[in-house]
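First the structure, in the form of structure tokens, and then the observations on it.
The values are calculated or read from the model by the stated rules, or taken from the named source; none is laboratory data. Predicted model, so just to flag it, every value in this text is computed and none were measured. Here the Cβ positions follow ideal geometry from the backbone for every residue, glycine too, while neighbour counts run over all protein chains shown.
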Amino acid sequence: MNQFDPYQFLSGGNIVTLALALFIVLLVLKGVRIVPQSEKFVVERFGRLRTVLGPGINFVIPLIDIVAHKISILERQLPNAMQDAITSDNVLVKVETSVFYRITEPERTVYRIRDVDAAIATTVAGIVRSEIGKMELDEVQSNRSSLITTIKASVEEAVNDWGIEVTRAEILDVNLDEATRAAMMQQLNAERARRATVMEAEGQKRSVELAADAALYSAEQTAKARRVQADAEAYATGVVAEAIAKNGLEAAQYQVALKQVEALVSLGEGSGKQTIVVPAAALEAFGDAFKLFKGKA
């Protein structure tokens, strides 16, 4: 029975066959490229750009096509940067910015710019200084959102040739030197005092207006009451005049006599009045009233 001899198996043509098989396996492995979802591969052929491989399984020519760059397409954040800027009203401010971006075209990024982060940071610093230089300090503080939008648009335009998309730009803080800060605080306190004075004056003005309105309302109501009273008196006078016109002088004397009797009755009802002195004219008035009353009856 023949036994397996490894030395005999590796001799001669078997070695060549084994080497050829290993070479084929190596070529297959080199020809297949599996790209992760978060990356893109830049392939070169003889030192020149051949293609860009997207996520998944890709095939290349072994030993000829070489993966020269593996680029992450995830969103990136630049380190927070602080740069000095001078506003249009000559105030020195320190602006802290943050920029987010991602690479969309790796073939442009790797062949047109060496240090992406440094290039974007420099671009952002220049644009921030330029935009803030067009604005006064109050505008920088109050229009931060519009300033961010302008900076983002300017950065996008500047880095467009690098195959980069700027996803977000933020102004985290705007710091002032101590002298400017103290001056602003003093101005703020003065503004608060001015507003308090204005509010107090407006309150006093409103109080005077309300008092005047109340006095006017009282006068109007008094005038209305007097008008009603005058109308009532005029009406009563008209009634008496109408009675006199219809019944002659006797009706007038009858009314006068009744008024005199009512006055005497009121006098008699007063407290502490035990004795009433009745003038002769009053007695005549009683008599006249009685006669008139009988005549009316």
Glu139: in a helix (DSSP H, G or I) and modelled with pLDDT under 90, yes or no? yes
Among the numbered conditions (1) surrounded by 14 or more Cβ atoms within 10 Å (Cβ to Cβ); (2) modelled with pLDDT of 65 or more; (3) among the aromatic types (Phe, Trp, Tyr), tell me where Tyr235 comes up short. (1)
Failed criterion for Ile127 (all others in (1) closer than 26 Å to Ile103 by Cβ; (2) not in a helix (DSSP H, G or I) hold): (2)
Scan the stretch 43-54 for residues that are out of contact with any Lys or Arg (no Cβ under 8 Å at 6 or more places or on another chain) and surrounded by 12 or more Cβ atoms within 10 Å (Cβ to Cβ) and jot them down. Arg45, Leu49, Arg50, Thr51
Against the condition over 30 Å from Pro106 (Cβ atoms) and not in a helix (DSSP H, G or I), how does Val166 come out, does it pass? no
Those residues of the stretch 172-198 which are without any contact (Cβ under 8 Å) to a residue 60 or more places away in the chain and closer than 30 Å to Pro79 by Cβ amount to Glu178, Ala179, Arg181, Met184
Restricting to the stretch 153-163, name every residue that is in a helix (DSSP H, G or I) and in contact with a Lys or Arg (Cβ under 7 Å, 6 or more places away or on another chain). Asp161, Trp162
For the stretch 95-124, name all the residues that are part of a strand (DSSP E or B) and of a type in the set (Phe, Trp, Tyr). Phe100, Tyr101
